[in-house]
Amino acid sequence: MHWITIILIGVAANLDNLGIGLAYGVKQTKIPILSNITIAIMSMIVTYVAVIAGGTIIEYISPNIANLLGSLLLCVIGLWTLLSNRFSNQEFLKNPELIDEDRNHIISFREAITLGFILSANCLAGGIAIGANGISVIWTVISIGFFSIVTVGIGSHFGYILTKTFIGKYSTSISGWLLIIIGIYEIFA
């Protein structure tokens with residue numbers, strides 16, 4: 001099994017979640033455990049659909065070509081993440097109150113659904129690539145969910161302190177490089 005890839009994809013897909021958690025922590029907006037779990041479930045659902053879609057590709061082309069295409073797709077997504085702000089949630093990092101519609105400094109269940117949907121976009125393309133590589137759907141989904149809960153929780157809890165760290169400042173770049181490393185690793189694995 002591709003345990004290293006499963007763990008790294010879980011981390012890479014959720015580094016923006018860390019950034020969002022940090023932004024909310026700095027603004028002293030709480031993300032209760034139910035809301036955090038809701039965000040993770042949204043990411044898990046999107047990942048599941050994406051991995052299944054990627055796995056369907058294997059049915060139409062050889063596994064070797066699917067693995068190569070999936071690995072190259074991860075590298076391309078990583079490069080795109082590095083070169084573009086499209087996959088980063090910069091607007092929400094700068095203005096996290098956009099999601100906190102009632103301005104009560106607590107992300108409610110309903111607000112968490114919106115936030116989870118926005119953050120799950122990071123899981124879509126990576127999930128398709130993982131599925132094309134034939135990597136376990138269940139373990140990938142579990143990894144995404146686990147690291148979502150961890151990164152949002154840690155980010156929210158340590159917001160002010162961690163925004164000053166390397167990870168807080170460069171979460172999008174780190175995510176892009178991790179995706180490229182995963183893609184290269186999968187090509188040669």
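The values are calculated or read from the model by the stated rules, or taken from the named source; none is laboratory data. Remember, it's a predicted structure, so these values are computed and weren't measured experimentally. When we count neighbours, we look across all protein chains shown, and the Cβ atoms used for this are built from the backbone with ideal geometry, even at glycine. The accessibility values were calculated without ligands, DNA or RNA, using every heavy atom of the protein model including side chains. Shrake-Rupley method; radii C 1.70, N 1.55, O 1.52, S 1.80 Å.
Here are some notes:
- Accessible-area value, Glu59, 1.4 Å probe, nucleic acids and ligands omitted, Å²: 140
- Whole-Hz Karplus values for segment 15-27 come out as 5, 5, 4, 4, x, 5, x, 4, 4, 5, x, 4, 7 Hz, taken residue by residue from phi with 6.51 cos²θ - 1.76 cosθ + 1.60 and θ = phi - 60°; glycine and proline positions read x.
- Close amide H partners of Lys30, meaning residues 5 or more places away or on another chain with modelled amide H under 5 Å apart, are Ile106, Ile107.
- Charge tally in the Cβ shell below 13 Å around Leu178, where Lys, Arg are +1 and Asp, Glu are -1, Leu178 excluded: -2
- Solvent accessible area, Å² - Ser120, 1.4 Å probe, full protein context: 0
- Separation of the Ala53 and Gln28 label points, Cα + 7 Å toward Cβ, nm: 4.2
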